[in-house]
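Novice: Before anything else, here's the structure in question.
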Amino acid sequence: MPTRFSALLCTLFASLMLSQAPAQANALDDVLARGTLKVAVPQDFPPFGSIGPDMQPRGLDIDTARLLAEQLKVKLELTPVNSTNRIPFLTTGKVDLVISSLGKNPEREKVIDFSKAYAPFYLAVFGPPEAAIANLDALKGKTISVTRGAIEDIELTAVAPQGATIKRFEDNNSTIAAYLAGQVDLIASGNVVMVAISQRNPKRIPVMKIKLKDSPVYVGVNKNQPELLDKINQILTAAKADGALEKNAQQWLKEPLPADL
């Protein structure tokens, strides 16, 4: 009898605790009630995000964040991040969204959700025109700069042959500076970043050597927020239809949106 009574008490206690557990907060409702959309954006990754001559953030990701805030009819609050801390800023609630040249992979999909793609991007190993790099084996004996934790770091690490040296840096500016200074032979990054590098140092113009991955960019949203994710997707779908995404691509990437984006 005491055993059955104890079991009954345990069941009742568990039911009481479950009934008092707070429901998952609705992020979309929070944004609308607050009147502010908090977005993590890059500040050292042109043309997606950088600081302009007027000391204000600018770039494709910043314009995408503005587009979402305008359509939600809320103010925009930008938080600068790097490739290492952008997802933790989202999962710990410091921001509502990540719009930071964010590519999708299975590991990240376990942690956060992704919107529809809003811009094209591909990853590759680049080097000076005279560098004879025809295949992965040719990376042996070469030193390649890459930003730690970025998707190009993951992709390069997976395929680099033994004998290739991957030199990791904590931010994109350091990765680029190492290549421009000749401290490394090659650089692994995105196609649009190479356009910016070419403008900064015409003597060391990077040319694609080995394509690593097509990796369109997405808006990062916390798990279990279907209302916010659906709303972001609705806005992006409309922006593609009315030409807003095309305008951003032409302005910042100097290329049209791919038909299959």
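Novice: Is there a residue being closer than 26 Å to residue 40 by Cβ, buried (at least 19 other Cβ atoms within 10 Å of the Cβ), of a type outside the set (Ser, Thr, Tyr) and at pLDDT below 95 anywhere in the range 225-239?
Specialist: no
Novice: Name every residue in the range 113-133 that is in contact (Cβ under 8 Å) with a residue 40 or more places away in the chain, surrounded by fewer than 21 Cβ atoms within 10 Å (Cβ to Cβ) and over 23 Å from residue 256 (Cβ atoms), in order of residue number.
Specialist: Scanning the range 113-133 gives 113, 128, 129, 131, 133.
Novice: Across the range 123-147, what is the total count of residues that are within 23 Å of residue 216 (Cβ to Cβ) and of a type in the set (D, E, K, R)?
Specialist: 0
Novice: Then there's this: Consider the range 61-85. How many of its residues are more than 25 Å from residue 168 (Cβ to Cβ) and not in a strand (DSSP E or B)?
Specialist: Residues in the range 61-85 being more than 25 Å from residue 168 (Cβ to Cβ) and not in a strand (DSSP E or B): 13 in total.
Novice: To continue, here is another question. So which of 198, 189 is in contact (Cβ under 8 Å) with a residue 40 or more places away in the chain, outside the structural domain of residue 73 (by TED's automatic domain parsing) and either under 24 Å from residue 50 (Cβ atoms) or within 16 Å of the chain's Cα centre (by Cα) (or both)?
Specialist: Only one candidate qualifies: 189.
Novice: Here is a further query. Spot the failing condition for residue 162; the list is (1) farther than 27 Å from residue 63 by Cα; (2) not in a loop (DSSP other than H, G, I, E, B), and only one is missed.
Specialist: Among (1) farther than 27 Å from residue 63 by Cα; (2) not in a loop (DSSP other than H, G, I, E, B), the lone unmet condition for residue 162 is (2).
Novice: Determine whether the range 145-156 contains at least one residue that is assigned to a loop (DSSP other than H, G, I, E, B) and among the acidic types (Asp, Glu).
Specialist: No, because not a single residue in the range 145-156 is assigned to a loop (DSSP other than H, G, I, E, B) and among the acidic types (Asp, Glu).
Novice: Return yes or no: is residue 182 assigned by TED's automatic domain parsing to the domain that holds residue 82, in contact (Cβ under 8 Å) with a residue 12 or more places away in the chain and not in a helix (DSSP H, G or I)?
Specialist: Against the criterion (assigned by TED's automatic domain parsing to the domain that holds residue 82, in contact (Cβ under 8 Å) with a residue 12 or more places away in the chain and not in a helix (DSSP H, G or I)), residue 182 does not qualify.
Novice: Would you be able to tell me the number of residues in the range 134-154 that are closer than 19 Å to residue 205 by Cα, of a type in the set (Lys, Arg) and in contact (Cβ under 8 Å) with a residue 60 or more places away in the chain?
Specialist: Total meeting the criteria: 0.
Novice: Restrict the check to the range 220-235 and report whether at least one residue is assigned by TED's automatic domain parsing to the domain that holds residue 111, closer than 22 Å to residue 171 by Cβ and in a strand (DSSP E or B).
Specialist: Within the range 220-235, one or more residues are assigned by TED's automatic domain parsing to the domain that holds residue 111, closer than 22 Å to residue 171 by Cβ and in a strand (DSSP E or B).
Novice: Inside the range 96-126, can you point out the residues that are acidic (Asp, Glu) and in a strand (DSSP E or B)?
Specialist: Across the range 96-126, the qualifying residue is only 113.
Novice: For residue 33, indicate whether it is more than 27 Å from residue 172 (Cβ to Cβ), surrounded by fewer than 21 Cβ atoms within 10 Å (Cβ to Cβ), modelled with pLDDT of 95 or more and in contact with a helix residue (DSSP H, G or I) (Cβ under 9 Å, 6 or more places away or on another chain).
Specialist: no
The values are calculated or read from the model by the stated rules, or taken from the named source; none is laboratory data. Given the structure is predicted, the values throughout are model-derived calculations rather than measurements. Glycine gets a Cβ as well: all are built from the backbone with ideal geometry, and neighbour counts include every protein chain shown.
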